[in-house]
Each structure stands twice: as structure tokens, then as C-alpha cells.
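Notes follow once the structure below has been shown.
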Amino acid sequence: MSILSKNQVNFYTVTEKDENQRLDNLLTKILKGVPKSYIYRIIRSKEVKINNKKCDAFAKVAIGDIIRIPPVKVAAINAPVIPEGSFPILYEDDYFLIIDKPAGVACHGGSGVSFGVIEQLRQNYPSAKFLELAHRLDRDTSGVLILAKKRHALVEIQDIIRNGKINKHYLALTLGRWLDQVRNVKVPLFKYLTAEGERRVKVDPVNGKFSHTIFSVIKLCDEFTLVKADIKTGRTHQIRVHLQHLGYPIAGDSKYGEFDKNKLLAKNGLKRMFLHACYIEFIHPISKEKLIIKSTLPSDLESFCDKHCINATK
């Protein structure tokens with residue numbers, strides 16, 4: 001559906017390729033070029049329906065669902081021009097493609113971004129009949145990212161992730177010096193949307209979902225602490241909000257960090273959030289072999305860490 005009529009309701013039937021996607025993410029793909037704020041507006045107004053029933057932005061779709069899309073108030077919707085892009089491949093077989101995602105690249109189009117990793121990779125693999133993200137990384141987070149090349153492989157790996165049968169480690173540089181070597185954080189998180197349609201997360205003991213992160217100190221610096229985050233649940237912005245809750249926000253975090261401090265950090269060489277997905281371990285659902293995928297700290301983060309952690313201690 002590349003062009004939608006301004007003057008009539010449109011209906012979209014969910015295919016196998018769309019199965020189990022969130023409604024907001026699917027509409028972003030269908031309504032190419034439409035601002036995401038507009039998409040959230042028509043969902044909130046209940047103009048979008050699944051099988052003639054009202055729904056919210058986070059509803060999951062199934063094969064055969066019929067999505068009602070109201071008249072879209074744009075003259076024409078053209079697919080964006082997607083530039084060529086290549087990403088370091090950490091692992092590939094017939095079922096999975098695991099890449100080293102750089103910072104500054106979104107996983108998919110939306111929220112003012114016309115394209116992301118998935119769109120570029122689909123362009124790089126024109127013969128691929130199926131290619132989908134198994135999970136996501138924030139735009140400013142670098143590191144290990146898994147994509148599935150077959151529908152059943154996607155279902156299997158998402159089941160592994162959902163049931164906590166995967167080890168995922170991140171490296172984060174936080175503001176302040178930690179007093180404890182290890183912090184075991186079990187704080188419920190609640191996901192919501194701002195008026196502009198931006199995703200945000202906050203600690204909410206009443207409405208939040210159980211979230212668990214184990215933080216271990218790697219280096220203690222004068223003003224910072226390098227920590228490893230072992231996530232036991234995969235909530236949106238989990239590491240970022242848990243660290244904010246502890247009082248040690250991530251250096252350079254534009255959503256949950258200290259904004260005045262971030263300006264100073266940028267002048268001193270840290271141009272983005274210091275968060276890197278460095279390690280993933282799981283049992284391959286098809287071959288049953290143990291996969292351990294590692295990504296080294298990017299040079300910009302390593303340089304900043306070396307410069308500001310000269311007198312670091314363990």
C-alpha cells in the first residue's frame with residue numbers, strides 16, 4: 001500500500017510477514033511517509049480498528065486480521081529513498097543474521113526516521129523472502145542485533161527471548177561513582193506515550209511490569225562508573241530507566257539522563273549515549289548449538305573511557 005486515498009477508508013489484511021507485530025509499528029510500515037505522531041493520533045481517536053474492534057497502539061496483530069485505516073490526510077505517500085548501507089556481520093546461517101549495529105541508526109523507520117537497519121538490510125538482500133528483527137536496540141545504542149531469515153526461526157528466537165533463555169549483556173558508562181560492586185534491580189516499569197507519540201518509560205509500582213537487571217561494576221573512575229548490565233527481562237528502555245532510578249543515569253542519555261551534563265560531555269568527545277550491547281548467548285533453536293556472540297566497545301566509547309578513566313579502579 002504505497003499510496004492511500006485521502007477520501008476513503010482503507011482496509012489492510014495482515015499477512016504472515018506482519019504476524020505478531022505491534023499495531024503502531026505495522027502502521028508505520030503501511031503508511032510510509034506519514035508522521036508517526038499522526039499515526040498515534042488516529043489510533044488514540046479509535047479511528048483505527050482491528051476486525052472492527054477498537055484497539056491501542058501496542059495491540060499485536062495476527063494473520064488474517066483486517067485493519068481499518070481512516071482516510072489519511074496527505075496527498076500522496078511515496079516510499080522513502082533508502083541509501084545503501086552495510087553492517088559488520090557477527091554471525092550468519094540459513095536462519096539468522098546477527099550484525100554489529102552502529103549507534104545513530106534506528107532499527108526501523110518511524111518517529112521521524114524514514115528508514116532503519118531493517119529497511120537497509122532488505123535492500124541489501126533483495127532475494128531474501130523473509131527478514132525481520134528478532135528484537136530491537138535504541139537508535140543510539142550500538143552492538144549485537146539479531147535478525148531472523150525465516151518465519152519459524154523468528155518465532156523460536158522470540159520465544160527464547162520471551163522466556164529468558166538468552167543471556168544479554170550491555171556496557172554502560174554512568175554518571176557518579178558506585179558504592180556497591182553489584183546491584184540487583186527489580187523495579188516495575190510502565191510504558192506510555194507522550195502527547196507527541198514518543199515512547200517513554202517510568203517506574204510504576206502499580207501499573208508497571210516486572211523488570212530485572214543485574215549491574216556489575218567494571219571500572220570506577222573519578223566522575224563515572226563503567227558497569228555491565230545483565231538483563232533478565234527485555235522491557236523497553238529497561239537499562240536506562242533502572243539506572244536513572246538508582247541515581248546513576250547513563251552518560252549522554254538524552255531521554256533519561258542529566259541534560260546539562262550531556263552538553264559538557266559532548267564538548268569533551270561523548271557525542272551519544274554510552275550504551276553498547278556487547279554479548280549475547282543462546283542455544284540455536286534449530287541446530288541446538290550454543291551461540292556466543294560478542295561485540296567490542298566502539299572506538300569512540302573506548303577513547304572516551306580511556307581518557308576519563310585514567311585512574312580507574314575495579
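Quick check on the stretch 182-195. Is at least one of its residues modelled with pLDDT of 90 or more, within 30 Å of residue 300 (Cα to Cα) and either touching a helix residue (DSSP H, G or I) at 6+ places or on another chain (Cβ under 8 Å) or not assigned by TED's automatic domain parsing to the domain that holds residue 250 (or both)?
Looking for residues that are modelled with pLDDT of 90 or more, within 30 Å of residue 300 (Cα to Cα) and either touching a helix residue (DSSP H, G or I) at 6+ places or on another chain (Cβ under 8 Å) or not assigned by TED's automatic domain parsing to the domain that holds residue 250 (or both), one finds at least one in the stretch 182-195, hence yes.
Across the stretch 236-290, what is the total count of residues that are under 24 Å from residue 209 (Cα atoms) and polar (S, T, N, Q)?
Selection size over the stretch 236-290: 4.
Can you tell me which condition residue 190 does not meet? The list is (1) of a type outside the set (Asp, Glu); (2) free of Cβ contacts under 8 Å to residues at least 24 places away in the same chain; (3) part of a helix (DSSP H, G or I), and all the others hold.
(3)
Select, from 63, 89, the only residue that is modelled with pLDDT of 85 or more, surrounded by fewer than 19 Cβ atoms within 10 Å (Cβ to Cβ), of a type in the set (A, V, I, L, M) and in contact with a Leu (Cβ under 9 Å, 6 or more places away or on another chain).
89
Could you tell me which of the residues 128, 134 is surrounded by 18 or more Cβ atoms within 10 Å (Cβ to Cβ), over 24 Å from residue 252 (Cα atoms) and outside the structural domain of residue 28 (by TED's automatic domain parsing)?
Result of the check over 128, 134: 134.
Restricting to the stretch 183-231, count the residues that are under 17 Å from the mean Cα position of the chain (by Cα) and among the hydroxyl-bearing types (Ser, Thr, Tyr).
Residues that pass the stated criteria total 3.
If I filter the stretch 40-52 for residues that are part of a loop (DSSP other than H, G, I, E, B) and buried (at least 17 other Cβ atoms within 10 Å of the Cβ), do I get at least one hit?
There is at least one residue in the stretch 40-52 that is part of a loop (DSSP other than H, G, I, E, B) and buried (at least 17 other Cβ atoms within 10 Å of the Cβ).
The values are calculated or read from the model by the stated rules, or taken from the named source; none is laboratory data. None of the values given here were measured: they were computed from a predicted structure. Glycine gets a Cβ as well: all are built from the backbone with ideal geometry, and neighbour counts include every protein chain shown.
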